[in-house]
Each structure stands twice: as structure tokens, then as C-alpha cells.
Amino acid sequence: AVALSQAVYLWNAETGDIDELCNVEDEGPDAHISSVSWIQEGGGHLAVGTSWGQTMLWDVRAKKQLRKMNGHSDRVGALSWNRHVLSSGGRDNLIINHDVRIAEHKVANLASHTQEVCGLAWSPDGMTLASGANDNKLCLWDAAASSTSRPRYELTEHQAAVKALAWSPHERNLLATGGGTADRCIKFWNAQSGSMLQSVDTGSQVCALQWNPHEKEILSSHGFAKNQLCLWKYPTMAKVKELEGHTARVLHMAASPNGSSVVSAAADETLRFWDVFAPPCKSSGSKRGASDFPGGAKSKKLSRTMHIR
């Protein structure tokens with residue numbers, strides 16, 4: 001699913017077909033889609049955040065809108081699912097937990113940030129919600145948090161907006177976060193204790209983070225000056241590869257269902273597909289080297305680019 005201005009498009013990786021799911025042009029010339037997120041189980045439902053503060057739930061197979069959920073007074077720029085609970089983060093500094101099964105969907109208003117919430121991510125075990133905002137703060141919330149709750153931890157080590165959030169699929173309670181232009185760091189946290197484990201200055205704005213599901217590696221996407229993607233070994237943070245091609249900051253990344261490919265979406269209005277995460281090696285003794293890395297010395301096919309316009 002790709003949001004572009006006033007529309008949400010569905011791209012079929014098998015056929016290459018592109019279908020329009022919804023369009024919000026009736027809401028006015030300035031209305032646009034500001035976030036999208038697939039439900040975890042089944043994959044048939046898509047949450048859509050809008051510039052006027054409403055969150056929609058769509059049945060993608062039926063191409064039918066199931067419901068509209070209000071609560072925010074400004075754009076919804078971040079969404080994350082935890083089973084039947086959808087968390088939305090807004091420009092109004094609020095996080096709202098919606099239980100999509102019930103009519104009175106709003107089950108918690110989480111207020112701690114003082115500027116726009118630009119990143120949300122539920123932990124794989126569903127116990128912790130991480131939130132990042134333009135106030136440079138990272139908050140960790142318990143799953144049982146109510147509207148009167150405070151975060152489990154408020155972490156202020158980043159020196160710029162915290163948009164990039166990614167939970168490790170390999171180690172429980174391990175969270176990676178990325179800071180904006182004035183920070184440039186990827187930081188790793190123990191979410192149980194609230195302690196920072198490591199910090200690495202990447203040299204440029206960190207826009208998004210994506211863990212390799214097969215190996216202990218993490219992919220970061222960046223802004224000025226190179227607008228590149230970087231693959232790092234964890235925990236050494238040795239840089240494996242830089243992937244270049246985008247001409248503006250790389251705002252989003254998403255992994256394919258099998259975990260081997262990553263799509264990046266940038267402000268240059270292109271999507272690029274990277275075969276960056278190699279599946280597990282069948283022979284236990286073999287290790288992936290730079291020469292057999294997609295886009296390395298033995299491969300000239302670095303990426304495929306698709307424009308949606």
C-alpha cells in the first residue's frame with residue numbers, strides 16, 4: 001500500500017498491477033493521506049491516517065471502508081498495530097489507542113509529547129509501545145496504559161526528532177531509534193530497563209530503520225547529503241554496504257513478507273526495491289561476503305525503481 005497525496009494505491013508484486021483503493025479529494029484541495037499501516041494478522045485490513053485527524057479502516061479485498069475513527073485534531077502521521085488495537089500519533093501531540101472491534105473505539109489517550117508524534121512501533125510481544133516525536137523525546141508505554149498513565153520511560157538522549165523506530169526480531173526488549181538532522185545517531189535501548197546500550201553517529205539524518213529478520217543486521221535510511229540506505233552489522237555496527245539512488249531523503253522503508261526485499265519511499269516520489277536481506281544460508285559454514293551482496297562487486301542489479309504518479 002502506497003499513499004501519494006490524496007490517494008492510496010495498492011501494488012501487486014506478482015503482477016505489477018496498481019489499483020487505487022481510496023481517494024480523499026472530496027475533503028478539499030489540501031486534504032491528503034498522511035500514513036498507512038497493515039493489520040498484522042491476515043493482512044486484509046489497512047489503517048489510513050489523514051491530514052484532518054481522522055483514521056480510516058479499509059477492507060482491502062472488498063475495497064470497502066469499514067469505519068472512520070476520530071480523536072485527533074490534526075494530521076495522523078504515525079500508525080502501529082498491536083493485534084486489534086491500532087495506535088495513532090498526531091500533530092496534536094497525542095497518541096490514541098483504538099480498539100477497532102468496538103463502537104467506542106478510543107480506549108486510551110496517551111499524552112506526554114509536546115510536539116508532533118512522528119513515530120510509533122509496538123514491540124513484537126505486544127507489551128510495549130515506543131513513540132517518537134519532534135520534541136526529541138522517546139517514550140516507552142506499557143500495553144495496559146490508560147489515559148491517566150505516564151510512560152514507563154521518557155528518554156531524552158536524542159538531540160533531534162525521533163521518527164525512526166524498530167524493534168529487534170532477534171532479542172526481546174531491544175529497540176533501535178534514529179534521530180534527525182541535528183542528531184544523526186542510531187541508538188539502541190533495553191526497553192525493560194530503559195538503559196541506552198549503544199549510540200552510533202551515522203553522519204546524516206536517520207529517517208527510518210528496518211531489521212533483517214534473518215540475521216543480526218539493521219538497515220537505515222537517510223536524508224541530506226547522500227539520501228542513502230546503509231546496512232550495518234549488529235552489535236558491532238560495522239557498515240556492510242551503502243545503497244545509493246534516491247535524490248531526496250528516504251522517508252520510509254518496509255520489508256517484503258518473506259523478509260528478503262525492502263522497499264524504500266523517498267521525497268523524490270520514487271519507490272525503490274532492494275534485494276538487501278539474504279535468506280539464511282543453507283550450509284552452516286558459509287557467510288555472506290561483500291562480493292555476493294546484491295549490488296556488490298559481482299552484482300550490477302542494485303535496485304528496481306518504480307514511479308507512481
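The values are calculated or read from the model by the stated rules, or taken from the named source; none is laboratory data. None of the values given here were measured: they were computed from a predicted structure. Note: ideal-geometry Cβ built from the backbone for every residue, glycine included; neighbour counts use all protein chains shown. All accessible areas refer to the heavy atoms of the entire protein, side chains included, with ligands and DNA or RNA removed. Shrake-Rupley method; radii C 1.70, N 1.55, O 1.52, S 1.80 Å.
Here is how the numbers come out for the structure above:
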quantity: Size of charge dipole - the chain - debye, nearest 20, with Cβ of Lys, Arg +1 and Asp, Glu -1, no other charges; calculated: 880
quantity: 3J(HN,Hα) from dihedral phi, the stretch 205-214, Karplus parametrisation 6.51/-1.76/1.60, rounded to Hz, x for glycine, proline; calculated: 3, 9, 9, 7, 9, 9, 7, 6, x, 9
quantity: Relative packing of 141-147, 240-246, which averages over residues the other C-beta atoms within 10 Å, highest first; calculated: 240-246, 141-147
quantity: Nonlocal amide H pairs with Leu197, under 5 Å, H built at 1.01 Å; calculated: Phe188, Trp189, Asn190
quantity: Amide hydrogen neighbours beyond the local backbone of Asp268, cut-off 5 Å, H modeled; calculated: Thr247, Ala248
quantity: Gain in span if fully extended, Arg83 to Ser5, counting 0.36 nm per residue against the direct Cα distance; calculated: 25.3 nm
quantity: Solvent-accessible area per residue for the chain (1.4 angstrom probe, square angstrom); calculated: 47
quantity: Among Ala166, Ala267, Ala13: highest mean-square fluctuation, GNM of the chain, C-alpha pairs under 10 Å; calculated: Ala13
quantity: Rounded D (µm²/s) - the chain, Kirkwood Rh over Cα pairs, Stokes-Einstein at 25 °C, 0.890 mPa s; calculated: 123
quantity: Potential extension, Arg150-Ser73 segment - 0.36 nm per residue separation minus Cα distance; calculated: 25.6 nm
quantity: Hz values of 3J(HN,Hα) by residue in the stretch 169-178 - Karplus curve (6.51, -1.76, 1.60), Gly and Pro given as x; calculated: x, 9, 10, 5, 6, 8, 10, 10, 9, x
quantity: Estimated vicinal HN-Hα couplings, Hz - the stretch 124-133 in sequence order (Karplus 6.51, -1.76, 1.60; Gly, Pro = x); calculated: x, 7, x, 9, 9, 9, 9, 10, x, 8
quantity: Dipole magnitude (debye, nearest 20) for the stretch 100-150, charges at Cβ of Lys, Arg, Asp, Glu; calculated: 80
quantity: Placed amide H near Gln205: partners under 5 Å, 5+ positions off or other chain; calculated: Gly223, Phe224
quantity: Nearest-10 value in Å² for the accessible area of Glu269, using the 1.4 Å probe; calculated: 90
quantity: Fraction of accessible area attributable to carbon and sulfur, the chain (%, probe 1.4 Å); calculated: 47
quantity: Computed lengthening from Ser193 to Thr15, 0.36 nm per intervening residue step minus Cα-Cα distance; calculated: 59.5 nm
quantity: Asp125 paired with Phe273, simple spin-label distance in nm, labels 7 Å along Cα-to-beta-carbon; calculated: 3.6
quantity: Unit charges at the beta carbon, dipole of the chain: most positive-side option, Ser34, Asn134, Asn82; calculated: Asn82
